1. Over all residues in B:303-310, what is the mean tally of Cβ atoms on other chains that come within 10 Å of each residue's Cβ?
2. Report the charge-dipole magnitude of the protein assembly as shown in Debye, nearest 20, computed about the Cα centre from +1 at each Lys and Arg Cβ and -1 at each Asp and Glu Cβ.
3. Given H placed on each backbone N at 1.01 Å, which residues far from residue A:286 in sequence or on other chains put an amide H within less than 5 Å of it?
4. Determine the dipole magnitude for the stretch B:43-339: charges of +1 sit on the beta-carbon of Lys and Arg, -1 on that of Asp and Glu, nothing else is charged, the reference point is the Cα centre, and the result goes in debye to the nearest 20.
5. Given the stretch A:3-227 reduced to its alpha-carbon atoms as identical point scatterers, what log10 I(q)/I(0) does the Debye formula return at q = 0.12, 0.14, 0.17 Å⁻¹?
6. Identify, among B:51, B:198, B:62, the residue whose Cα sits farthest towards the positive end of the charge dipole of chain B, taking +1 on the Cβ of Lys and Arg and -1 on the Cβ of Asp and Glu, with the dipole about the Cα centre.
7. Can you sort A:31, B:84 from fewest to most other Cβ atoms within 10 Å of each residue's own Cβ?
8. Among A:193, A:12, A:221, which residue has its Cα furthest toward the positive end of the charge dipole of the stretch A:3-227, with +1 on Lys/Arg Cβ and -1 on Asp/Glu Cβ?
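Only the coordinates and a few stated rules stand behind these numbers; no lab work does. Every value quoted in this text rests on a predicted model; they were computed, and no experiment measured them. Every residue, glycine among them, receives a Cβ derived from its backbone with ideal geometry; neighbour counts consider all protein chains shown.
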Amino acid sequence: MDWAYLFEISLTGIAGGGLYALAALAFVMVYKATRVVNIAIGEMLMAGAYLFFTFASMLALPIWLAIPAAVLGAGVLGAVIERTMIRPLLGEPPISVFMVTVGLASVLVGLVEMIWTADQRRLPDFMPTQAIMVGDAFLAPKIFWGAVIAVVFIAAVLLVFRFWRGGVALRATASDQAAAYSMGINVPRVFSLAWVVSAMLAALSGIIVGSIGGISSTMGVFGLSVLVVVIVGGLDSVLGALVGGLFIGLVEALAGAYLGGEYKLLATFIVLVVILMIRPYGLFGTHEIERL
Amino acid sequence: MRIGTLKESYIADAALFDSRTQKTWLGIAAVLLVLFPFVASDYWLYLACLVCINVASATGLNILTGYTGLVSLGQAAFMGLGAYTVAIMQLRLGTPFLLNILAGGCVAMLGGLIVGIPSLRVKGLYLAIATIAASFITHFIFANTSFTGGTGGLTVPPASAFGVLLDTSFRLYWVIVPVTVLMLLGAANLFRTRVGRAFIAIRDRDISAEVLGIPLLRYKLLSFGLSSFYAGVAGGLWAYFFRVVTPESFPLLMSIFFLAAIIVGGMGTILGGILGAVFMTMVPELLKLVFDLLPNSTELTVFLSPVRTIIFGLLIIGFLVFEPHGLAEMWRRIRRFFHLWPFRN
């Protein structure tokens, strides 16, 4: 057993898990507020990354302008999605809304292939390239800085939603829609807000993921791992998203290093099945009591 | 409430095809199915076979999702199990055609039973995502064992049935269509029996069903098993039809395709499964025909695949937003219009 190697792999895994946590947070935000399982989360990541690509490479904007522009663009996209696809299905069975997001994923992939073609693209580098050493362990700089950005934004989002009025409204809506509505909270607007914020977070993590591994129209596969993360953590739990993200990141890195790259997805899905068998509502999810 | 359909006995009331109009139309459809291969070109025969295979698999998923209410994204994985079983039996053992197809169905059924085990504890969309795991695990097994030919997959020799080599779409048509029709009849009949009624009760409210004395685990597993049996048979036919089975042949996208097909067609109706599978299989082909008609079509062909992807997504969204009960409901509306036409409209 090579402990130094194990340590290095684990560090990479946990750092990569930070990205999962950020994307999972975007997912949980929508689920908590609107009870929509957004399977298109990976494709929303992709859309954000391509927006950034357009602003930074094609329009040659400086990075500090391109990132906010891409994030804002994604926010607009989130609002449009909510108004045109999700709002009309208010009150329909969950599987209908779920399938709408499946359709949405397909539309986003098609649009990206149509506008930017299916080729793999590289995002401009904006992170420092100096190698990071933790003790003796080497950590790829992009992954390290990506994780740092993810942690900063997760913290920011958590603080904002703790203290900002809109955040309180969102949490109130999540815990009881009817009560929130009768207290004067504009619930439909909270739904919009959740989608906008979620799309922005997704875009941000898309930009980071894209600058680490390049972007292409198959980037949505990242969303599958995010789905595993949120199911493992519990669909409606922010804590679950964070812990699950780090955990799945670690599992993927270890499986990739010790078993081989093709075992990565397999390992995460086996973890998923095992967790579901033990705790069907995820590690930190709410166990809903059914009444007739 | 339909009028003009007087029933005088319980048998007549429970009959699968209850009106003369319905029987006439079915007769016409049967004649058309028989005549079709003699007039159609190879391309249309190829499409007809593909449509039939998809109809069989979509009907299987309809039993599980439309009638029992368990959302599954593993249908393609079960088709893969069936296809690989058929390929391996045909290659290694050379057993007869029908036996292989049946075995394919049974192996897929076993797979379905295993995947169905969590369904008692895991519900709704948690279950849907858990079935994605089935997709990845079967893909991994297909790609990484030498028995299944690894990533290169297996090449299936054409089967022979009754001394005829089934190597063209024309010949396969005579196998694929009867098998599909049989399975459709089976599914339609299933929902007149105790088992089928239990499935519907579970869909409507599973706890109430349990209170009524329906053992949930047994019936949920049964539903999974039946649905994946359909998928396995469809997969077996698929293997004989395309004659190459690779791990990439049954992607997650294919499971999504079947789920989309039953949603577009109308969940919880046999007709919906048929219409949806036909519609979703034909749309990409029709798009291709439209593209060929456009001026300077060679430059536009790069857009064909993205446009297909977009249309696929838009169809799902459009049907869910504007016609949640799918094509079957549209069909019913048309039928109702003509039922008392021209006296009422």
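1. Other-chain Cβ atoms within 10 Å of each residue's Cβ, averaged: 5.
2. Dipole of the protein assembly as shown, to the nearest 20 debye: 1680 debye.
3. A:236
4. Rounded to the nearest 20 debye, it is 820 debye.
5. Evaluating at q = 0.12, 0.14, 0.17 Å⁻¹ gives log10 I(q)/I(0) of -0.66, -0.87, -1.19.
6. The one lying farthest along the dipole's positive direction is B:198.
7. Least crowded to most crowded, the residues run A:31, B:84.
8. Farthest towards the positive end: A:193.
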